[in-house]
Amino acid sequence: MTTFDERPATAAETEVFGQDTVDRARAIIARYPRSRSALLPMLHLVQSVQGHVSQAGIAFCAQQLDLSNAEVSAVATFYTMYKRKPCGEHLVSVCTNTLCAALGGDDIYAKLREHLGSDGKPLGHEETSGTPGEPGSITLEHAECLAACDLGPVLQVNYEYYDNQTASSALELVKALQSGQKPAPTRGAPLSDFRKVELQLAGFFEDNESDVDGPSAAAETVRGAKIANEKGWTAPREPDSVEFPALPEKK
Ligand code: FES
């Protein structure tokens, strides 16, 4: 069992995040030999409470990890999974990288922007339709390659995959999310909501650990390995030593 510091939280610590979050923060910190190594899951933890990394969240992490606010901000603004504006109940990420874009990802993104926009103005990147955190609210973003090119065009909802999409299937999916439904992802864990997933990314599963054990490999992804296995093909053995060519001389 993870152990952690059991001193009562200070008023400043609990002001925004509450004793539960302070306890979870200490449990995260206890996983690492050096407290600063806990920063990434700590940022997911603050997102699980507020739906984004607020200034209070930055100050909370800095205080817990003995870092400066600037050090925490530098990390929070580097990674795209940390959001600086409050997210909706669901985060919809549409892959618009080269392969998905060519297969229809750009059309999907344009269709969802138009549907989720208001007053004739399409929704922008990382903007939210509805009130952030409220049921049916959706934050839309375009994403770089989501590592499922063989199943493109793909999108993710709260980082769960919906493969082989079209503009109309993506629109149906988003309409279902807006009306409170949670259509099953193509593979992986059942759909929950953005804040719950952030808590899981911080390492807390609230008795739902089996949720993340859903089958994640698609038939397309493992087809090559299956054929090679059936035919007895193997990769050439790695040589014991390799002689690298000399580097050109610097001028
Ligand atoms: S380009 Fe879309 S998943 Fe790779």
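Quickly run through segment 209-233 and pick out the residues that are within 30 Å of Ala30 (Cα to Cα) and without any contact (Cβ under 8 Å) to a residue 12 or more places away in the chain.
Glu209, Ser210
Considering only segment 128-236, give the helices (runs of 4 or more DSSP H) lying wholly within it that have at least 3 residues that are not assigned by TED's automatic domain parsing to the domain that holds Leu103. Before the answer, list the steps.
On the way: elements: 167-178, 194-201, 219-231.
Of the helices (runs of 4 or more DSSP H) lying wholly inside segment 128-236, those with at least 3 residues that are not assigned by TED's automatic domain parsing to the domain that holds Leu103 span 219-231.
With the checklist (1) more than 10 Å from the ligand (Cβ to nearest atom); (2) crowded, with 19+ Cβ neighbours inside 10 Å; (3) of a type outside the set (Asp, Glu) in hand, flag the one item Gly105 doesn't pass.
(1) is the only condition that Gly105 fails.
When residues of segment 76-101 are filtered for being assigned to a strand (DSSP E or B), among the hydroxyl-bearing types (Ser, Thr, Tyr) and more than 16 Å from the ligand (Cβ to nearest atom), how many remain? Give the steps one after another, and end with the answer.
Filtering segment 76-101 down to residues assigned to a strand (DSSP E or B) leaves 90-95.
Remaining after also requiring among the hydroxyl-bearing types (Ser, Thr, Tyr): 93.
Still in the running and more than 16 Å from the ligand (Cβ to nearest atom): none.
Residues that pass the stated criteria total 0.
Let me spell it out: the conditions are (1) within 14 Å of the ligand (Cβ to nearest atom); (2) among the small types (Gly, Ala, Ser); (3) within 17 Å of the chain's Cα centre (by Cα), and Gly133 meets all of them except one. Which number is the exception?
(1)
Identify all residues within segment 111-127 that are surrounded by fewer than 23 Cβ atoms within 10 Å (Cβ to Cβ) and either assigned to a loop (DSSP other than H, G, I, E, B) or within 16 Å of the ligand (Cβ to nearest atom) (or both); write none if there are none.
Hits for segment 111-127 are Gly117, Asp119, Gly120, Pro122, Leu123, Gly124, His125, Glu126.
The values are calculated or read from the model by the stated rules, or taken from the named source; none is laboratory data. Bear in mind that the values here come from a model prediction, so they are computed numbers and not experimental data. Using ideal geometry, Cβ is built from the backbone for each residue, glycine included, and neighbour counts are taken over all protein chains shown.
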